[in-house]
Amino acid sequence: MSVKQQQLDDAALVESGAEVPLYAASKTIYPQSVEGRFRNIKWTILFVTLGIYYFLPFVRWDRGLEAPSQAVLVDLANRRFYFFFIEIWPQEFYYVMGLLILAAFSLFLMNAVAGRIWCGYLCPQTVWTDLFLTVERWVEGDRRERMLKATQPLSLERVTEITLKHFTWLMIAWWTGGAWVLYFADAPTLVVQLVTFHGEPVAYVWIAILTFTTYFLAGFMREQVCTYMCPWPRIQAALIDEWALNVTYRYDRGEPRGSLKKSEALKHSGAKAGDCVDCNQCVNVCPTGVDIRDGLQIDCIQCGLCIDACDNIMTRVGRPTGLIGYDTEINVERREKGLAALPVRIIRPRTILYAVLIAIVGGIMLYTLNTRNAVEMSALHDRNPLYVTLSDGSIRNGYTLRLINKQTVERTFLVSAEGLTGAKIESTAIASDSANRLVVPVGRDQTLELRVLVTVPAQHVHEGRSERVTIRVLEPISGAFATVDDHFFMP
Amino acid sequence: MTLETDKSGHVDHAHVDSHTGMATTGHEWDGIRELNTPLPRWWLTILYMTIVWAFFYCIAYPAIPLFQTFTKGVLGWSARGSVNEEVAELRAQRGPMVAALSNASLKGIEQTPQLRNFAIAQGKAAFGDNCAPCHGAGGGGSKGFANLNDDDWLWGGTLEQISATLTHGIRAGDDLGHLGAMPAFGRDGILKANEISVVADYVRSLSGLPVTTGADLKTGAKVFAENCAVCHADNGKGNMELGAPNLTDAIWLYGPEKATIVEGLTNGRGGVMPAWAGRLDATTIKALTVYVHTLGGGK
């Protein structure tokens, strides 16, 4: 039962002077199967999205001998995130922020174009619930059969059915949890470990958690998640505008509703008769149990199944389809006033703004991703002491460098200090070449912390001044380099 | 529709809101009434479950403050205990490295990158806890407290010498520690004020610092040879055995100003560094030695 129906029922109770219950008892929904255009779209999305989710961990991507060969991998132990050709280090977490911004703007854009596209077609809650409902129908039959069986006493056949349904649900849920952990370790290896009971305990714990959430949310909570737990419908309600497409019922065409016989009678008598035959098919197929004829409402996820159901009925009774369809609020109002519907405007300032913002954020991310340097360095001047006087009067400053080698092979970097006359650079246990550059090997895909000491001889010391020093790290084979400017303090 | 009201004029029971067609809860605040949007029953159930959970939680975990103490909970869990467990875990994790550190020689530690990095990390932490109050966070020192980053060492800058200084301290009452001190030439009447003044000028001249105009450096040299050379050597280059600093270089523990030198000559110098043998374990002292040695001035 939809929230709206519940409220109307409560209002009726109040009118009749009866007590209104404080809490809404949930009523099981038995959605009926339906065929049609939107059902086919939903099937396609279901297979594609679940296919990606379940099989993506097994996709391989060659990154060289020692690097992981999994296309999508969150390597928590080594703090790396791999996504095909992209490798993200913890300090580049801003890419994740960029992705979240893109996700938010995409949601806004979808919402501005056609309302709850996310809820109706793409949300994991919708997709898995759809899958679980398919299993339920396959085992227990369609709406009428399920409703009937729910009232009958338990029989052996019934117990078998219930067991089979829950077993299949649990298998799907278990596979869902299993696929999840595969994103965090080498998938083929982990699968073998898991089935031979050699996996890490944390892997089993996460599988158990996700098995439970999938089974519980898709098997039992279903539309309650969308109506009462999810914040998006509330945010969405605040973002919607009169030009966005939404699943709507055409009051002007449908009302007054009535059975075929009744409407024929009305027509004969010259009164207005609507096209809606009040067959309730739109309500029966609805996975959240709303009546679309009550208008736009919070628990409608706009999956379009009522459109399919209504179109099928309209075709059968020989009336034009489209009694329920995607339409804008502005047209709903215009039609009620008897005005002609306006053409759909997808390109509006709002959608352009969202698209431009998506393009800007995406563009910045792509640009920084493509111009990332494979050599990086940061330098931190010693806080204490700022400078050190040596016995011969020369002055030394210490810097802590972080050298980053983002390639999958070990490389040797040359580190030099430039811009100071006669300056020498040295570091404990690190050799120098003839040009007084430190020769530093950095392991593949690693960060090396290195404390270097830069010394200026006494005759070049200018007391009371701080000079600029440029620390340069050079990868001699590719010629890639990075520099950091810092102070050189003197007494 | 007329609404039934109580004595104070408030609506006291639910009615149907004429604008939305929805029932109200019957609550009213300053004429604003609340529409009834009932929650599902499972939501209420969860609320009750959290209350039950809280009840058992209070029994299981520390929860209720009493006058002098608090209820400890039947599970015996405590925040401190949990920290201790984690510290013990960390110790166990570091065990092999700590053992390797205690078995290796100082030189061996410094030459093995893995051991060196571990020793420097451990040393840095121990330095912050124990040494930084006097020597500064980075070992930069201050007046009277040696800078550990430079190449000038009062008692020697090799690994063994640093280790010995750390273990036994300086003038800290340890028989094996460093004992030498600068005598109070002025206070004890060994040198007169004018002799102190000229020897101070002479000492400044040793490292090329400007001296008082017309200073009698010849007398200064004589006083130096008779009184100071015994520890600081004839050429003023000092003696590490006695902790006598090199007076010819650019580094001054207390400062190069004439007044400071005169003060030292008059009242003597004898700063103290604690003997760490009884306070820190041998492995920590090893780690500290390697850390100090790699600060930049190690010999």
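The values are calculated or read from the model by the stated rules, or taken from the named source; none is laboratory data. Being a predicted model, the structure only gives us computed values, none of them experimental. Backbone-built Cβ (ideal geometry, glycine too); neighbour counts: all protein chains shown.
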**Request:** Would you mind stating whether residue A:64 is exposed (fewer than 15 other Cβ atoms within 10 Å of the Cβ) and within 18 Å of residue A:409 (Cα to Cα)?
**Result:** yes
**Message:** Being touching a residue at least 12 places away in the same chain (Cβ under 8 Å) and among the polar types (S, T, N, Q): is that true of residue A:28 here?
**Reply:** yes
**Members of the stretch A:204-237 that are of a type in the set (S, T, N, Q) and within 14 Å of another protein chain (Cβ to nearest Cβ)** = A:224, A:227
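Rundown of residues vs (1) crowded, with 20+ Cβ neighbours inside 10 Å; (2) within 30 Å of residue A:62 (Cβ to Cβ); (3) of a type in the set (Ser, Thr, Tyr), yes/no style:
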site: A:383; (1), (2), (3): no, no, no
site: A:396; (1), (2), (3): yes, no, no
site: A:411; (1), (2), (3): yes, yes, no
site: A:424; (1), (2), (3): no, no, no
site: A:437; (1), (2), (3): no, no, no
site: A:446; (1), (2), (3): no, yes, no
site: A:453; (1), (2), (3): yes, no, no
**Item:** Residue list for the stretch A:426-435, filter: surrounded by 15 or more Cβ atoms within 10 Å (Cβ to Cβ) and within 12 Å of chain B (Cβ to nearest Cβ)
**Value:** A:426, A:427, A:428, A:430
**Complete:** Going through (1) closer than 23 Å to residue B:235 by Cα; (2) in contact with a Leu (Cβ under 7 Å, 6 or more places away or on another chain); (3) more than 14 Å from chain A (Cβ to nearest Cβ) one by one, residue B:146 fails only at (3)
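Residue by residue, here is whether (1) modelled with pLDDT of 90 or more; (2) under 20 Å from residue A:185 (Cα atoms); (3) more than 19 Å from the chain's Cα centre (by Cα) holds:
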site: A:21; (1), (2), (3): no, no, yes
site: A:40; (1), (2), (3): yes, no, yes
site: A:45; (1), (2), (3): yes, no, no
site: A:49; (1), (2), (3): yes, no, no
site: A:73; (1), (2), (3): yes, yes, no
site: A:89; (1), (2), (3): no, yes, yes
site: A:112; (1), (2), (3): yes, no, no
site: A:116; (1), (2), (3): yes, no, no
**Which numbered condition residue A:293 misses (of (1) within 32 Å of the chain's Cα centre (by Cα); (2) farther than 27 Å from residue A:243 by Cβ)** = (2)
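Could you please let me know if residue A:28 is surrounded by fewer than 19 Cβ atoms within 10 Å (Cβ to Cβ), away from every other protein chain (no Cβ under 14 Å) and either on the phi < 0 side of the Ramachandran plot or in contact with a helix residue (DSSP H, G or I) (Cβ under 7 Å, 6 or more places away or on another chain) (or both)? It would help to see each step written out before you state the result.
Working: surrounded by fewer than 19 Cβ atoms within 10 Å (Cβ to Cβ): yes; away from every other protein chain (no Cβ under 14 Å): no; either on the phi < 0 side of the Ramachandran plot or in contact with a helix residue (DSSP H, G or I) (Cβ under 7 Å, 6 or more places away or on another chain) (or both): yes.
So residue A:28 fails the test.
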**Message:** Any residue at all in the stretch A:397-416 that's outside any strand (DSSP E or B), within 12 Å of chain B (Cβ to nearest Cβ) and modelled with pLDDT of 90 or more?
**Reply:** no
**Prompt:** Only one of A:451, A:465 is in contact (Cβ under 8 Å) with a residue 24 or more places away in the chain and within 14 Å of another protein chain (Cβ to nearest Cβ); which?
**Reply:** A:451
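Regarding residue A:63, is this residue in contact with a helix residue (DSSP H, G or I) (Cβ under 6 Å, 6 or more places away or on another chain) and either within 14 Å of another protein chain (Cβ to nearest Cβ) or not acidic (Asp, Glu) (or both)? Before the answer, list the steps.
Working: in contact with a helix residue (DSSP H, G or I) (Cβ under 6 Å, 6 or more places away or on another chain): no; either within 14 Å of another protein chain (Cβ to nearest Cβ) or not acidic (Asp, Glu) (or both): yes.
No: the conditions fail for residue A:63.
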**Asked** Looking only at residues in the stretch B:288-299 that are under 8 Å from residue B:123 (Cβ atoms) and more than 15 Å from the chain's Cα centre (by Cα), which one is nearest to the other protein chains (Cβ to nearest Cβ)?
**Response** B:290
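Each row is one residue, and each column tells you yes or no for (1) more than 29 Å from residue A:463 (Cβ to Cβ); (2) among the hydrophobic types (A, V, I, L, M, F, W, C).
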position	(1), (2)
B:185	yes, yes
B:192	yes, no
B:202	no, no
B:218	yes, no
B:224	no, yes
B:229	yes, yes
B:239	yes, no
B:246	no, no
B:259	no, yes
**Item:** Single unsatisfied condition, residue B:209 versus (1) closer than 26 Å to residue A:391 by Cβ; (2) crowded, with 19+ Cβ neighbours inside 10 Å; (3) assigned by TED's automatic domain parsing to the domain that holds residue B:254
**Value:** (2)
**Complete:** Within the stretch B:22-42, the residues that are part of a strand (DSSP E or B) and either within 12 Å of chain A (Cβ to nearest Cβ) or within 19 Å of residue A:13 (Cα to Cα) (or both) are B:23, B:24, B:25, B:26, B:27, B:33, B:34, B:35, B:40
**Enumeration of residues in the stretch B:117-143 that are basic (Lys, Arg) and within 12 Å of chain A (Cβ to nearest Cβ)** = B:124
**Request:** Tell me, yes or no, whether the stretch A:375-391 has at least one residue that is over 30 Å from residue B:157 (Cα atoms) and among the hydrophobic types (A, V, I, L, M, F, W, C).
**Result:** yes
**Request:** Search the stretch A:73-95 for residues that are in contact (Cβ under 8 Å) with a residue 24 or more places away in the chain and pair each with any residue that is in a helix (DSSP H, G or I) and among the hydrophobic types (A, V, I, L, M, F, W, C) when their beta-carbon atoms are under 7 Å apart and the residues are at least 6 apart or on different chains.
**Result:** A:86/A:369; A:95/A:365
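Pick out the one residue from B:168, B:135 that is free of Cβ contacts under 8 Å to residues at least 40 places away in the same chain, surrounded by 19 or more Cβ atoms within 10 Å (Cβ to Cβ) and not assigned by TED's automatic domain parsing to the domain that holds residue B:263. If you could, list the steps in order and put the result at the bottom.
Details: B:168 fails: free of Cβ contacts under 8 Å to residues at least 40 places away in the same chain.
Result: B:135 is the single residue among B:168, B:135 that is free of Cβ contacts under 8 Å to residues at least 40 places away in the same chain, surrounded by 19 or more Cβ atoms within 10 Å (Cβ to Cβ) and not assigned by TED's automatic domain parsing to the domain that holds residue B:263.
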**Request:** Can you give me the number of residues within the stretch A:417-457 that are modelled with pLDDT of 85 or more, among the polar types (S, T, N, Q) and part of a loop (DSSP other than H, G, I, E, B)?
**Result:** 4
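Looking only at helices (runs of 4 or more DSSP H) that lie completely in the stretch A:196-282, which have at least 1 residues being hydroxyl-bearing (Ser, Thr, Tyr) and under 22 Å from the mean Cα position of the chain (by Cα)? Even if it seems obvious, please write down each step before you answer.
Working: elements: A:201-216, A:232-239, A:251-254, A:260-268.
The helices (runs of 4 or more DSSP H) meeting that bar are A:201-216.
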**Message:** If I filter the stretch B:78-94 for residues that are away from every other protein chain (no Cβ under 14 Å) and on the phi > 0 side of the Ramachandran plot, do I get at least one hit?
**Reply:** no
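Can you confirm whether residue B:236 is without any contact (Cβ under 8 Å) to a residue 60 or more places away in the chain, crowded, with 17+ Cβ neighbours inside 10 Å and on the phi > 0 side of the Ramachandran plot?
Values: without any contact (Cβ under 8 Å) to a residue 60 or more places away in the chain: yes; crowded, with 17+ Cβ neighbours inside 10 Å: yes; on the phi > 0 side of the Ramachandran plot: yes.
Against the criterion (without any contact (Cβ under 8 Å) to a residue 60 or more places away in the chain, crowded, with 17+ Cβ neighbours inside 10 Å and on the phi > 0 side of the Ramachandran plot), residue B:236 qualifies.
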